[in-house]
Amino acid sequence: MNILFALIPKEKVAYIYDYFTVRQVLEKMEYHRYSSIPIINRSGKYIGTISEGDLLWYIKNNHDLDFRKAEEIPILSVPRKHDNYGIYVNTKMDDLITAAAQQNFIPVLDDSDTFIGIVTRKDIINYLQEKKGS
């Protein structure tokens, strides 16, 4: 399988920039109803992934946090439990399946580490089911 066939391009993916605030991230995740979202920098390089859990624990541990203060807190100041690791566009299917076993989506990077989109676990499962039926 060529990863590009399963790629959801960056233009169709919700992501955040590393300079966003906690409030901006919360609002974007709420709007899209995502439990995690990729973080990229201004150059388009993949930084990591922020999850609802990361935000929840941050808010829990900062008792004086209110929504107005959340407008001032940069998202990179929120500790992340783990990042979805990215794969390169020329990655082999076995490595893609390994990543999908651990992550709901896999960020895809080009040769210069620029974020170009994601591949979802759902798309990989559908591909494997179609292959099995053939």
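The values are calculated or read from the model by the stated rules, or taken from the named source; none is laboratory data. In this text the structure is predicted, and so the values were computed from the model without any measurement. Neighbour counts are summed over all protein chains in view; Cβ atoms, including those assigned to glycine, are modelled from backbone coordinates with ideal geometry.
Would you be able to say whether some residue in region 94-115 is of a type outside the set (Lys, Arg) and more than 24 Å from ILE8 (Cβ to Cβ)? Walk me through how you get there before you give the answer.
Initial filter on region 94-115 (of a type outside the set (Lys, Arg)): 94-115.
Filter once more, keeping what is more than 24 Å from ILE8 (Cβ to Cβ): none.
The answer is no, given that none of the residues of region 94-115 is of a type outside the set (Lys, Arg) and more than 24 Å from ILE8 (Cβ to Cβ).
Could you please give the count of residues in region 96-122 that are more than 14 Å from the chain's Cα centre (by Cα) and surrounded by fewer than 13 Cβ atoms within 10 Å (Cβ to Cβ)? Of the residues in that region, 5 qualify.
In this structure, does LEU4 turn out to be part of a helix (DSSP H, G or I), touching a residue at least 40 places away in the same chain (Cβ under 8 Å) and within 30 Å of TYR127 (Cβ to Cβ)? Break it down stepwise before answering.
On the way: part of a helix (DSSP H, G or I): yes; touching a residue at least 40 places away in the same chain (Cβ under 8 Å): yes; within 30 Å of TYR127 (Cβ to Cβ): yes.
Yes, satisfied.
Condition test on ALA14, is it part of a loop (DSSP other than H, G, I, E, B) and hydrophobic (A, V, I, L, M, F, W, C)? Against the criterion (part of a loop (DSSP other than H, G, I, E, B) and hydrophobic (A, V, I, L, M, F, W, C)), ALA14 qualifies.
For ILE87, indicate whether it is at pLDDT 90 or above and surrounded by 15 or more Cβ atoms within 10 Å (Cβ to Cβ). Here the answer is yes, as ILE87 does meet what is asked.
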